[in-house]
1. Collect the residues in the stretch 1-13 that are touching a residue at least 40 places away in the same chain (Cβ under 8 Å) and either in contact with a helix residue (DSSP H, G or I) (Cβ under 9 Å, 6 or more places away or on another chain) or more than 15 Å from Lys48 (Cβ to Cβ) (or both), keeping them in residue-number order.
2. Kindly establish whether Arg29 is free of Cβ contacts under 8 Å to residues at least 40 places away in the same chain, closer than 17 Å to Arg65 by Cβ and not small (Gly, Ala, Ser).
3. Taking the condition of being surrounded by fewer than 17 Cβ atoms within 10 Å (Cβ to Cβ), of a type in the set (A, V, I, L, M) and in a helix (DSSP H, G or I), how many residues in the stretch 49-97 meet it?
4. If you check Met32 against the conditions, is it within 15 Å of Arg74 (Cβ to Cβ), more than 12 Å from the chain's Cα centre (by Cα) and surrounded by fewer than 21 Cβ atoms within 10 Å (Cβ to Cβ)?
5. Output the residues belonging to the stretch 36-53 that are over 11 Å from Tyr8 (Cβ atoms) and small (Gly, Ala, Ser).
6. Of the numbered conditions (1) in contact with a strand residue (DSSP E or B) (Cβ under 8 Å, 6 or more places away or on another chain); (2) without any contact (Cβ under 8 Å) to a residue 60 or more places away in the chain; (3) more than 16 Å from Gly21 (Cβ to Cβ), Arg65 fails exactly one; give the number of that condition.
7. What number of residues within the stretch 8-36 satisfy the criterion of being touching a Gly at 6+ places or on another chain (Cβ under 9 Å) and among the aliphatic types (A, V, I, L, M)?
8. Anything in the stretch 13-26 that is small (Gly, Ala, Ser) and within 11 Å of the chain's Cα centre (by Cα)? List them, or say none.
Amino acid sequence: MAQQPCTYIMASMKRGTLYIGVTRDIAMRCWMHREGKGSKFCARYRVKRLVHLEFFDLMAEAIAREKQLKNWRRQWKIELIERDNPDWSDLFLRLNQ
């Protein structure tokens, strides 16, 4: 899992500021966001909670999905998150289990 391409959504809080990204190493990328080193946007708006995650076989697929999600309306993103994670739990805590 650690080196598998994925698209992810992070949030500052339930229904808060959202950030969509793509990476091959989700554990490291989340750690960077949590430490304020992942992106200036995440550091500025305190976006540290991993709330949605989708894995892919190819990085090109993950990038295509990231672009698709970034073009979605905010409400659609919220509905996507709440479909699988209604409490907006921090999925980072489950990565290494």
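1. Keep residues of the stretch 1-13 that are touching a residue at least 40 places away in the same chain (Cβ under 8 Å), which gives 1, 4-11, 13.
Hits for the stretch 1-13 are Met1, Gln4, Pro5, Cys6, Thr7, Tyr8, Ile9, Met10, Ala11.
2. Numbers: free of Cβ contacts under 8 Å to residues at least 40 places away in the same chain: yes; closer than 17 Å to Arg65 by Cβ: yes; not small (Gly, Ala, Ser): yes.
For Arg29, the condition - free of Cβ contacts under 8 Å to residues at least 40 places away in the same chain, closer than 17 Å to Arg65 by Cβ and not small (Gly, Ala, Ser) - is met.
3. Number satisfying all stated conditions: 6.
4. Values: within 15 Å of Arg74 (Cβ to Cβ): no; more than 12 Å from the chain's Cα centre (by Cα): yes; surrounded by fewer than 21 Cβ atoms within 10 Å (Cβ to Cβ): yes.
Considered against the rule, which asks whether it is within 15 Å of Arg74 (Cβ to Cβ), more than 12 Å from the chain's Cα centre (by Cα) and surrounded by fewer than 21 Cβ atoms within 10 Å (Cβ to Cβ), Met32 comes out as no.
5. Answer for the stretch 36-53, where residues must be over 11 Å from Tyr8 (Cβ atoms) and small (Gly, Ala, Ser): Gly36, Ser39, Ala43.
6. (3)
7. Looking only at the stretch 8-36, we keep the residues that are touching a Gly at 6+ places or on another chain (Cβ under 9 Å), and these are 8-10, 19, 21, 29-33.
Add one more test, that the residue is among the aliphatic types (A, V, I, L, M), and what stays is 9-10, 32.
Qualifying residue count for the region: 3.
8. Narrowing the stretch 13-26 to residues small (Gly, Ala, Ser): 16, 21.
Listed by number, the list holds a single entry, Gly21.
Quick note: the coordinates plus some simple rules give every number you see, no bench work behind them. Just so we're clear, the structure is a prediction, and the values are computed from it rather than from any experiment. Please note: Cβ atoms are built from the backbone with ideal geometry, for glycine as well, and neighbour counts cover all protein chains shown.
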